[in-house]
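Beneath this line is the structure, given in structure tokens, with notes to follow.
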Amino acid sequence: MHLRAVAVGAQFWGCIPGAWPDKVCSCFPGSRIGTAAGSQCTNGHLMCAGCFIHLLADARLKEEQATCPNCRCEISKSLCCRNLAVEKAVSELPSECGFCLCQFPRSILERHQKEECQDRVTQCKYKRIGCPWHGPFHELTVHEAACAHPTKTGNELMEILDEMDQSHRKEMQLYNSIFSLLSFEKIGYTEVQFRPYRTDDFITRLYYETPRFTVLNQTWVLKARVNDSERNPNLSCKRTLSFQLLLKSKVTAPLECSFLLLKGPYDDVKISPVIYHFVFTNESNETDYVPLPIVDSVECNKLLAAKNINLRLFLFQIQK
């Protein structure tokens, strides 16, 4: 099929006259289509993957129905679909390398930027002994020939390696803590589903809550909020989630636990493991809100764009 025919058939550039071939997304005026697969509304207008997720997340925060920026028809993950013909056509469109500014087909741009571009940012091979140099690949050979780190004395290198060891020890401490928790006698985990709700305030705020669930023979609930319940999180580019664990059962003695949330088995969101600790009693039965360690705002938008947030909770009872 002819490239232009494919584009016209999918209304690929209907919202931005004269935008072919660069400004071809109908997400927002002036937007450019990315390399990831996009989505198509029921009227054929295309949105890049990032903008599509952002539109769904914004609609969730504002308690509105997400709509196509072009024709205002309703959009959702179930209503929208991919257009493989247009994706194939887009992969052959020229795109500018972020390093050398040359034009390449999108299908080979990633390989060019990672392996072939002479201006791509690279690091000195002596970075393992502390060289901080970052620069274009075509200057790498000259730098390494003149790099001072291979000629440093043993004492100088020991100071550098000690700093690197401290960073490595922090990473290992987390994994050792997890391995230690896995040796506990009482361990429980479950899949949890956060469902969206609105507060009863005059200006409602979005929050999430799970149905009651049972782990370690106790009944629990999880709550979550966006940007610590700020007034208009939809106006912020930076988005975070924090959560709170509540014990709903009555206990006869203090219940000391460690807990962490990880992504569910079928999700692709990136969550870093962080272990939290709390002693639950009948008088103090809920934790403070603690950060859900999502990598960045893009990952947060993925969670907000979903109908429900599905995660996996691990609970470890500490026995003395």
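Here are some notes:
- In this structure, the residue pairs whose Cα-Cα separation is over 30 Å, taken from Lys77/Lys250; Lys238/Lys307; Lys125/Lys170; Lys223/Lys302, are Lys77/Lys250.
- Judged by the mean number of other Cβ atoms found within 10 Å, the most tightly packed of the peptides 119-127, 274-282 leads the ranking 119-127, 274-282.
- Extreme residue, positive dipole direction of segment 184-317, given options Thr210, Ile294, Ser258 (C-beta unit charges): Thr210
- Convex hull volume per residue for segment 218-320, taking Cα atoms only, in Å³: 109 Å³
- Segment 61-67 - phi-based ³J(HN,Hα) in whole Hz, Karplus 6.51/-1.76/1.60, Gly and Pro as x: 5, 8, 6, 10, 7, 5, 10
- You can think of it this way: the chain between Gln103 and Lys62 has 10.8 nm of extra reach, that is 0.36 nm per residue less the Cα-Cα gap.
- Residue-wise HN-Hα couplings along segment 119-136, as the Karplus relation 6.51 cos²θ - 1.76 cosθ + 1.60 with θ = phi - 60° gives them from phi, are 9, 5, 6, 9, 10, 5, 5, 8, 5, 5, 10, x, 6, x, 5, 10, x, x Hz; Gly and Pro carry x.
- Using θ = phi - 60° and Karplus 6.51 cos²θ - 1.76 cosθ + 1.60, couplings along segment 69-84 (whole Hz; Gly, Pro as x): x, 8, 10, 6, 6, 5, 10, 6, 5, 7, 7, 9, 9, 7, 10, 5
- Cα-based Rg and Dmax for segment 67-168, where Dmax is the largest Cα-Cα distance (Å): 22.6, 68
- When the GluC sites (Glu not before Pro) in segment 251-319 are filtered for DSSP coil states and for at most 13 other beta-carbon atoms within 10 Å of their beta-carbon, the remaining sites are Glu283.
- Paramagnetic reach from Asp296 (point 7 Å along Cα→Cβ, amide N under 11 Å) across segment 254-276: none
- Per residue, segment 219-289 exposes an accessible area of 53 Å² to a 1.4 Å probe, with every protein chain left in place.
- Rounded D (µm²/s) - the chain, Kirkwood Rh over Cα pairs, Stokes-Einstein at 10 °C, 1.306 mPa s: 67 µm²/s
- Interchain or long-range residues, amide H under 5 Å from Thr190's placed H: Leu313
- Cα centroid separation, segment 132-167 to segment 45-112 (Å): 41 Å
- Under the criterion of Cα pairs below 8 Å and six or more residues apart, the relative contact order for segment 95-152 equals 25 percent.
- Ser272-Asn176 pseudo-label distance in nm [points 7 Å out on the Cα-to-Cβ vector]: 1.9 nm
- Surface share of carbon and sulfur [accessible, 1.4 angstrom probe, percent] for the chain: 52 percent
- Relative contact order for segment 184-256: 24 percent, from Cα pairs under 8 Å spaced at least 6 residues apart, divided by residue count.
- Cα convex hull volume per residue for segment 117-186 (Å³): 105 Å³
- A cut-off under 13 angstrom between Cβ atoms defines the neighbours of Leu222, and their net charge, with Lys, Arg +1 and Asp, Glu -1, is +3.
- Computed lengthening from Met164 to Ile129, 0.36 nm per intervening residue step minus Cα-Cα distance: 11.7 nm
- Cα-Cα pairs of segment 66-124 separated by more than 13 Å (percent): 70 percent
The values are calculated or read from the model by the stated rules, or taken from the named source; none is laboratory data. All of these numbers come straight from a predicted model, not from anything done at the bench. Here Cβ is always computed from backbone atoms with ideal geometry, including for glycine, and neighbour counts include all displayed protein chains. Side chains included, ligands, DNA and RNA excluded: accessible areas come from the protein's heavy atoms. Shrake-Rupley method; radii C 1.70, N 1.55, O 1.52, S 1.80 Å.
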